[in-house]
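**Student:** This is the structure, below, for whatever I ask next.
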Amino acid sequence: MSTVTILGSTGSIGLSTLRVLRGLRDEFPVYGLSCRASLDVLEEQVREFRPAVVAVSGSGPNGSVDISEIKKKFPGTEFLEGEEGVTELASRPVDILVSAIVGAAGLRPTIAAIPHVKRIALANKETLVMAGDIVSDMIRDYGVELLPVDSEHSAVFMLLKGLNPVDVRRIVLTASGGSLRDRSAEELRHVTSREALAHPTWNMGNKITIDSATLMNKGLEVIEAHHLFGFAYDDIDVIIHPESVIHSMVETGDGVIYAHMSVTDMALPIMNALVYPDIRGNSFGRLNLAEVGSMTFRPYDRERFPALDLCCRVGRTGGTGPAVLNAANEVCVAAFLEDRISFVDIAAIVEKTVSGHHITARPDLGDILDADRWGRAEAERFIDAAGVRN
Ligand code: MG
């Protein structure tokens with residue numbers, strides 16, 4: 001039996017994790033759940049999975065969420081409040097922590113968990129984007145297993161297990177290209193948040209769906225892959241593969257390319273992160289290649305989607321740069337979803353914010369959190385200016 005805590009249980013990955021756990025409940029009892037504010041969903045989850053501890057980050061002295069009613073309904077469950085409550089839950093010992101909070105908010109609790117858990121199933125890529133060096137050092141020092149839940153990285157992880165590391169020449173992350181992959185540069189200027197939210201192959205949360213459309217998501221994934229697998233940026237490539245059948249590839253020195261194929265359902269990488277090194281049957285579907293019929297590939301367009309190259313540049317330089325990039329992007333995506341800026345403003349403002357940042361090399365966690373705050377404030381300034389223009 002392995003106990004599990006899920007940070008971000010009411011989000012897209014959290015819901016998929018509980019869908020997987022529903023079939024594995026005897027082996028993986030739920031110890032803790034956390035969410036920000038979705039109390040209705042949380043209530044259903046507590047009723048079904050009976051966690052010992054629940055944390056609600058949006059409640060407490062600084063929050064607006066009132067948990068007094070839900071607390072009364074579950075007198076046997078311990079409730080923690082605020083961001084500190086989530087971090088406290090993360091530092092309670094369990095076998096597996098599923099880190100599925102969206103965005104920079106996932107960094108602190110994930111770091112807090114490292115000394116107290118055996119395995120981290122990491123869906124929160126920002127943890128590695130913002131603090132990859134710090135997290136990698138801690139993971140090594142505490143002997144924790146870090147299993148990627150991101151579908152591309154899960155694919156690479158599984159492929160690398162079968163190969164001798166010295167034989168691997170490069171990894172290739174596939175990208176669907178997002179909802180706007182076929183729009184012209186001119187069309188991208190006028191695209192609405194509704195159009196951008198219609199992802200062609202994956203059903204995900206709003207933030208990551210917009211990041212897929214800008215290719216910022218793929219850029220963050222390159223940085224994530226660099227930290228997870230230790231490959232130099234020059235040895236991590238990206239290719240557009242609209243069908244999303246191949247989740248990523250690994251090329252060995254002899255030119256052979258190994259590809260990982262499956263249905264597009266996040267339940268699969270989640271299950272693999274839980275049961276690894278086992279392989280289990282699944283109830284969520286198998287790939288039928290005859291139905292797929294054909295697969296296509298093409299290079300990504302650097303002009304229309306500048307965010308990917310920007311991420312690679314900022315990742316290479318390292319230090320506090322990636323934290324600023326991530327912070328500016330989070331603020332810009334939120335502003336785009338509120339129709340405060342245009343689609344093309346997202347990458348433009350992130351670039352402007354990053355270029356004005358004075359990078360701290362070898363930052364500690366405090367430097368990274370400062371850079372995150374600075375990046376948010378600076379991007380907000382550019383957003384206000386862009387709003388006047390639009
Ligand atoms: Mg991904």
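Throughout, read-outs are computed from the coordinates displayed, never taken from laboratory work. Just so it is clear, the structure is predicted and the values come from calculations on it, not from any experiment. All Cβ positions, even for glycine, are placed from backbone atoms using ideal geometry, and neighbour counts span all protein chains on display.
**Student:** Quick check: pseudo-label points 7 Å beyond the Cα along Cα→Cβ at E291 and E69, how many nm apart are they?
**Tutor:** 4.1 nm
**Student:** When the Cα centres of the stretch 157-204 and the stretch 298-374 are compared, how far apart do they sit, in Å?
**Tutor:** Between the Cα centre of the stretch 157-204 and that of the stretch 298-374, the gap is 18 Å.
**Student:** What shape does the stretch 203-312 take by its C-alpha gyration tensor, where a ≥ b ≥ c are the square roots of the eigenvalues and a/c under 1.5 counts as rounded, a/b above b/c as prolate, and the rest as oblate?
**Tutor:** Numbers: a/c = 1.42, a/b = 1.35, b/c = 1.05.
Rounded, because the longest to shortest axis ratio a/c is under 1.5.
**Student:** Among A379, A307, A105, which one shows the highest mean-square fluctuation when the chain is modelled as a Gaussian network with alpha-carbon springs under 10 Å?
**Tutor:** In the Gaussian network model the winner is A105.
**Student:** Within the stretch 30-54, find all residues whose amide N lies under 16 Å from a label point positioned 7 Å from the Cα of S2 along Cα-to-beta-carbon.
**Tutor:** In the stretch 30-54, the label zone of S2 (backbone N under 16 Å from the point 7 Å along Cα→Cβ) covers 30-32.
**Student:** Where in the chain are the DSSP H helices whose C-alpha atoms run 30 Å or more along the long axis and whose mean Kyte hydropathy is at least -1.0?
**Tutor:** Qualifying helices, which must be both long enough and hydrophobic enough, are 365-389.
**Student:** I would also like to ask the following. Taking Cα centroids, how far is the stretch 1-56 from the stretch 64-110 in Å?
**Tutor:** The distance from the Cα centre of the stretch 1-56 to that of the stretch 64-110 comes to 11 Å.
**Student:** Moving on to the next point. Which one of M295, M158, M130 has the biggest mean-square fluctuation once the chain is modelled by GNM with Cα springs under 10 Å?
**Tutor:** M295
**Student:** How much length is gained if the chain between Y276 and E187 is pulled fully straight, taking 0.36 nm per residue apart and subtracting their Cα-Cα distance, in nm to one decimal?
**Tutor:** Details: separation 89, 0.36 × 89 = 32.04 nm, distance 4.41 nm.
Difference between extended and current length: 27.6 nm.
**Student:** Within the stretch 141-182, whose backbone N sits under 14 Å from a point 7 Å along Cα→Cβ of D254?
**Tutor:** Inside the label zone: 163-164, 167-169.
**Student:** Per-residue ellipticity at 222 nm for the chain, helices alone: DSSP H runs ≥ 4 residues times -39500 (n - 2.57), over residue total, nearest 500 deg cm²/dmol?
**Tutor:** So the calculated ellipticity at 222 nm is -14000 deg cm²/dmol.
**Student:** Using only the Cα atoms of the chain, construct the convex hull and provide its projected area averaged over every direction, in square nanometres to one decimal.
**Tutor:** It is 19.3 nm².
**Student:** Which of the GluC sites (Glu not before Pro) found in the stretch 322-390 are in a DSSP loop and have at most 16 neighbouring Cβ atoms, other than their own, within 10 Å? Write down the numbers at each step before the final one.
**Tutor:** Values: sites: E330, E338, E351, E378, E380; in loops: E338.
Counting only loop positions with at most 16 other Cβ atoms within 10 Å, the GluC sites (Glu not before Pro) in the stretch 322-390 are E338.
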